[in-house]
Amino acid sequence: MIVTIDGPAGSGKSTVARLLAELLQVQFLDTGAMYRGIALAVVRSDESETDAPAVGRIAENTLINFQGDAICIGDEDVSEEIRTAEVTAVSSVIATNPVVRNCLVQLQRNIGNEGSLVTEGRDQGSVVFPNAEFKFFLTASVDARARRRHREMVAKGSKLKLATVRKQLRQRDQRDENREVAPMKPAEDAQVIDTSDLSIAEVVQKLAAIVTG
Ligand code: DC
């Protein structure tokens with residue numbers, strides 16, 4: 001069984017997907033972490049994130065894999081390093097690159113072939129797993145998403161202002177929604193759920209009720 005959960009940053013999809021996977025006792029796949037892994041490899045290289053052929057080559061030569069919950073490049077655990085502001089910004093730029101997307105879509109489908117999965121990202125229901133049994137698209141107002149993201153960042157010691165977080169979120173939304181390849185959008189048969197006024201537990205309950213019938 002494949003369950004896809006797509007949506008913009010701050011919609012709650014990562015936490016919801018992780019908890020739903022636990023509840024259903026199936027594997028969880030964080031595809032954003034895979035794009036961030038490639039972004040980190042680009043940041044570490046001498047290449048610019050806008051040099052499409054160079055970024056494509058890096059994607060083809062970077063061994064992204066999961067070891068337990070950790071995202072790794074080869075055998076190096078990069079789970080922490082992929083969460084910096086720089087990698088976050090670069091990830092939405094390199095996610096517009098068709099070679100990058102092609103590499104990661106193949107990898108995601110290979111993981112899906114191994115067994116049941118709750119997978120989250122931007123294109124999981126629309127492109128990667130068009131035949132998924134259950135497809136969800138989580139949304140929330142920009143203000144609600146910015147508040148959530150800001151709270152998370154402050155908890156980790158960041159001093160960024162709410163207004164800055166909101167602006168960065170909008171920039172990333174615009175790049176993710178307007179790119180030519182696999183833009184972020186709900187699959188036609190996805191159930192769209194607005195999480196602005198729902199707690200994480202309420203969203204998980206709602207999705208679990210639908211999946212378990
Ligand atoms: O979900 P996230 O914030 O970790 O994602 C990081 C970036 O990767 C995001 O700006 C868009 C991109 N992404 C994508 O294009 N397709 C996916 N399936 C997942 C993430």
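The values are calculated or read from the model by the stated rules, or taken from the named source; none is laboratory data. Every value quoted in this text rests on a predicted model; they were computed, and no experiment measured them. FYI the Cβ positions are ideal-geometry reconstructions off the backbone, even for glycines, and counts take in every protein chain you see. Quick note on the areas: whole protein, heavy atoms, side chains included, nothing else; ligands and nucleic acids left out. Shrake-Rupley method; radii C 1.70, N 1.55, O 1.52, S 1.80 Å.
Taking the Cα centre as origin and putting +1 on Lys and Arg beta-carbons and -1 on Asp and Glu beta-carbons, what dipole magnitude results for the chain, to the nearest 20 debye?
840
Taking the alpha-carbon centroid of each part, what is the distance from region 69-110 to region 1-32 in angstrom?
Between the Cα centre of region 69-110 and that of region 1-32, the gap is 17 Å.
What translational D, rounded to a whole number of µm²/s, comes out for region 118-198 from Stokes-Einstein when the hydrodynamic radius is the Kirkwood one over Cα pairs, at 4 °C and 1.567 mPa s?
92
Among 19, 63, 117, which one shows the biggest mean-square fluctuation in a GNM of the chain, springs joining Cα atoms closer than 10 Å?
63
At 0.36 nm per residue, minus the direct Cα-Cα distance, what do residue 88 and residue 131 gain on full extension? Give it in nm, one decimal, please.
Length difference between fully extended and current span is 12.5 nm.
Taking the solvent-accessible surface of protein heavy atoms with a 1.4 Å probe, what is the per residue accessible area of region 55-96 in Å²?
Per-residue accessible area for region 55-96 comes out at 52 Å².
How many nm is it between the label spots at residue 208 and residue 77, if each spot is 7 Å from the Cα in line with the beta carbon?
2.8
Of the listed peptides 67-78, 128-139, what is their order by residue-averaged count of other C-beta atoms within 10 Å, with the highest listed first?
128-139, 67-78
Taking only complete DSSP H runs, can you tell me which helices of the chain stretch 15 Å or more along their own long axis by Cα positions and average at least 1.0 on the Kyte-Doolittle scale?
Helices meeting the criterion: 200-212.
Keeping every protein chain in place, order 50, 119 by accessible area at 1.4 Å, biggest value first, i.e. largest first.
From most exposed to least exposed: 50, 119.
I want to verify a result. In a Gaussian network model of the chain, Cα cutoff 10 Å, which of these has the top mean-square fluctuation: 92, 48, 158?
Maximum among the listed residues: 158.
Where does the Debye-calculated log10 I(q)/I(0) of the chain sit at q = 0.10 Å⁻¹, using only Cα point scatterers of equal weight, no solvent?
Result of the Debye calculation: -0.41.
Treat each spin label as a single point 7 Å out from the Cα along the C-beta direction, and report the residue 116 to residue 167 distance in nm.
Taking the simple label geometry, residue 116 and residue 167 are separated by 4.6 nm.
Taking the chain as a Gaussian network, where each spring joins two C-alpha atoms under 10 Å apart, which residue of 140, 190, 163 fluctuates the most?
The residue with the greatest mean-square fluctuation here is 163.
Report the antiparallel proportion of the DSSP beta bridges in the chain as a percent, rounded to a multiple of 5.
Given both bridge residues lie in the chain, the antiparallel proportion sits at roughly 25 percent.
What list of whole percents do you get for P(r) of region 16-64, with Cα-Cα distances grouped in 10 Å bins up to the one holding the largest distance?
25, 37, 19, 17, 1
What is the distance in Å between the Cα centroid of region 141-184 and that of region 34-52?
Each part reduced to its Cα centre gives a spacing of 20 Å.
What are the ³J(HN,Hα) couplings of region 123-130, residue after residue, when phi is run through the Karplus curve with 6.51, -1.76, 1.60 and θ = phi - 60°? Round to Hz, x for glycine and proline.
10, 5, x, 7, 10, 6, 10, x
Roughly how many nanometres apart are two label points built 7 Å out from the Cα toward the Cβ at residue 61 and residue 143?
Reported label-point gap for residue 61 and residue 143 is 4.9 nm.
Show the residues, 5+ positions off or on another chain, whose built amide H is closer than 5 Å to the amide H of residue 191.
135, 136, 137
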